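Heads up: the structure comes next, in structure tokens.
The values are calculated or read from the model by the stated rules, or taken from the named source; none is laboratory data. Note that the structure is predicted; figures quoted are calculated from it, not measured. With ideal geometry, Cβ positions are generated from the backbone for all residues, glycine too; neighbour counts draw on all protein chains shown. Quick note on the areas: whole protein, heavy atoms, side chains included, nothing else; ligands and nucleic acids left out. Shrake-Rupley method; radii C 1.70, N 1.55, O 1.52, S 1.80 Å.
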Amino acid sequence: MNGVHMDELENLKVKHENDIENDGSSSDRDPLDESSGSSSERETWGGRFEFLLSLVGYTVGLGNLWRFPYFCYRNGGGIAIIPFLLFLLICGGPLYYIEVCLGQFSGKSPVKVWNICPLFKGIGMVMITTSLIYVWYFGTAFGWVFYFLIMSFYPTLPWSTCDNSWNTKFCIDSRTNITEKLLNVTEKLQNVTEISQLKTSGTEFWERNVLRVSTGIDDIGSVQLHLVGCLFLGWFLVFLCLAKGVKSLGKVVYVTATLPYVLLTVLLIRGVTLDGAWVGLQHYFVPDFSKLANGKMWMEAAVQCFYSLGPAWGGVITMASFNKFHHKALRDTVIACFADAFTAIFGGIVVFSVLGFLSKETGTPLDKLPFSGAGLAFIAYPEALSRLPAPNLWSVLFFVTLVLVGIDTQFGVFETTANAIIDLNYRKLSKYRLWISASLVSGLFLLGLPITTSGGYYIFMLVDWYVAMFGVVFTALMECIVVAWIYGADRLSDDIEMMMGTRPSQLLRILWCFCIPTFIVGILITTITTYSDPSFGYQYPVYALVTGNIFAFGPASLIIVVMVFQLFKAKGTISQRISRQLQPARSWLPNDSKQRKIYQQCPYQYQHGLRERFLTNILGLKQH
């Protein structure tokens, strides 16, 4: 304890100002808090590595193998890694640690944890809403992965030939050089317009068999039964793994969080030995520093950081809430952040080696390959794998990897929404976890049916474009301001010391108080000034763009709505209401019975004045 007597440490432990206890403002309490039951009843992880593996599994998802390579591909290759790592070190990682500490200290879900500052309980609502949207629409992508996995067991990979019922006369066999095929086919086509319609067999399989895509979002079409079946299979698997909460999840992650690295290594060894792989690796690793002047790339790097790492979504808080109170969380945070960066870059090597092979094989420059968004995972990779010896083996390995990393992310996001319901009244609702999970899975399955229609892909891409554009980044900004300045970085440091025995470094406090808010404000400004409509070869109608903006800004508006509600239900003058709502609620207590008594008996004394608060939060200097 660095020579400090335990009694002196205990005197530092805090709850809230004494005037909240004595001003008779019982009406300011959240009635749900009174019925939430003892936090000591909350289940915890069974083994010492279960939390770490769950955290890694939640953090490392399809975003690392799909979104990150596409982010690099769209922004000139490996140069995009620089802003991504910078945001990870300065913003994502420190914010991630805040969430781990909040969840572990309180043992609460993202909704209840914001009793730390009742005026901003809306932050928790935004987290749950955003997670619910994510788990809804991304569950469909999970179904796509299952469909490709099932098709990989066919004797001939169905996306490798043009001999199928869904193929058109414009299909180019994936086994044939596209340049040579163009010369042969051009003579049979009537005009240049038809030549532009040439598509590879992999593209036609994706568009005409998997999606059976319509002409646009106005043409919603019919439900595709093969996608409905795969969607059901995905959700059923999630339900089986999470039926008993963290007790079952903690065992599943030993496989789902580790096996993908074995499979990725196998795919990497095969990828880098392909003819032409160096073309892709050179594009990935040789940076063009002039592209650093592109503000849009920095904005996309920040969004990618928040999307792949997972802060401000609520999942980190949820999983940390099942920790034992004195768990050494800093170690796990560092490992999870490293795993996120490592897997993204590692997965990029796998993808770009295959893109280089595909570029040389087809005679098309790498930056001209016709892939965007989901196309990297569902067109480029399947096409490349179909050209290898034993293509079924490599295809199965690749899509099993996607299933494992995808289901881990689904676990974390699903548990976030399920536990938000259970924590409304933990003592009564925890016994119905199985039924709550079943009901939630059933609801999400039914809500996912529109995305299984012929026009569902347009819905998916619209939501995917907007959902993380503004709301997640804005939530991260509010989260940091509330914790670092209103609750106080010094007070949070006391809480962390109570849990782990050591205080955060001064550098970490500076990041919390200054660097993260400054960077995020810059991201938001860049987002607004470089705003553009979704662009992947389709022009959305106006009403669809309006709907997309609702997905982008609607969840964030809950902060204002809840703030107004909190002030309305409180008593006293406006200034008194605001003052009370900025103080932690009575239910904000440590998730440990012994430390809870200390916390209640030793109120934290805030420093008054901006200069004093600055010195306290940054330097830890207190005036007595």
Helix-only [θ]222 nm of the chain, DSSP H runs n ≥ 4, -39500 (n - 2.57) each, per residue, nearest 500: -18500 deg cm²/dmol
Just need log10 I(q)/I(0) for segment 319-430 at q = 0.11 Å⁻¹, Debye formula, equal scatterers on the alpha-carbon atoms, no solvent, rounded to two decimals. -0.58
Which net charge results for the neighbourhood of Asn209, defined as the other residues with beta-carbon distances under 15 angstrom from its beta-carbon, given Lys and Arg at +1 and Asp and Glu at -1? -1
Mean shadow of segment 534-624, computed from the convex hull of its alpha carbons, in nm²? 11.9
Any idea how far apart Ile528 and Arg74 come out in nm if each label point goes 7 Å out from Cα toward Cβ? 2.2
Where does each of 378-387, 416-425 land if you order them by average Cβ count within 10 Å, highest first? 378-387, 416-425
Could you give the length gained by full extension between Tyr432 and Asp173, i.e. 0.36 nm per residue of separation minus their alpha carbon distance, to one decimal place? 87.9 nm
Relative contact order of the chain (C-alpha contacts under 8 Å, at least 6 apart) in percent is 34
Of the labelled options (1) 47, 24, 23; (2) 35, 31, 24; (3) 131, 54, 16, which one gives semi-axes √(5λ) of the Cα gyration tensor in Å as computed for this structure? (1)
With a 10 Å radius around each residue's Cβ, average the other Cβ atoms per peptide and rank 508-520, 466-478, 268-280, highest first. 466-478, 508-520, 268-280
Pairing the Cα long axis of helix 542-569 with the longest principal axis of the chain, what angle in degrees results, from 0 to 90 and rounded to the nearest 10? 10
Nearest 10 degrees, 0 to 90: what angle lies between the long axis of helix 50-59 and the longest principal axis of the chain (Cα atoms)? 50
Could you order Arg580, Arg611, Arg74 so the one with the most accessible surface comes first? Probe is 1.4 Å. Arg611, Arg74, Arg580
Put +1 on the Cβ of each Lys and Arg and -1 on the Cβ of each Asp and Glu in the chain; which of Ser535, Trp66, Leu477 then has its Cα farthest toward the positive end of the dipole? Leu477
Once you place label points 7 Å from the Cα toward the Cβ at Thr161 and Leu615, how far apart are they in nm? 8.1
Quote the relative contact order of segment 313-396 in percent (integer), defining contacts as alpha-carbon pairs under 8 Å separated by 6+ residues. 19
Everything considered on the Cα gyration tensor (a ≥ b ≥ c; rounded for a/c under 1.5, else prolate if a/b is larger than b/c, else oblate), segment 404-494 must be described as oblate
Kindly state, to the nearest 0.05, the FRET efficiency for Lys244 paired with Lys569, given R0 = 45 Å and r defined as their beta-carbon distance. 0.80
From the cross-link list Lys291/Lys360; Lys244/Lys597; Lys108/Lys244; Lys121/Lys428, the entries with a Cα-Cα span beyond 21 Å are Lys291/Lys360; Lys244/Lys597; Lys121/Lys428
Tally Lys/Arg at +1 and Asp/Glu at -1 over every other residue whose Cβ is under 9 Å from the Cβ of Met297; what's the total? +2
So, relative contact order of segment 441-578 in percent, Cα under 8 Å, 6 or more apart, is 32
Taking 0.36 nm per residue of sequence separation and subtracting the Cα-Cα distance, how much length would be gained by fully extending the chain between Tyr254 and Ile269, in nm to one decimal? 3.0 nm
Could you order Asp494, Asp163 so the one with the most accessible surface comes first? Probe is 1.4 Å. Asp163, Asp494
With a Förster radius of 35 Å, plug the Cβ-Cβ distance of Ile560 and Cys515 into 1/(1 + (r/R0)^6) and report the FRET value to the nearest 0.05. 0.85
Going by a 4.7 Å Cβ-Cβ cut-off, which cysteines of the chain have no partner at all? Cys72, Cys91, Cys101, Cys117, Cys230, Cys241, Cys305, Cys337, Cys480, Cys513, Cys515, Cys602
If I fit a long axis through the Cα atoms of helix 516-529 and take the longest principal axis of the Cα atoms of the chain, what angle between them do I get, 0 to 90°, rounded to 10? 40
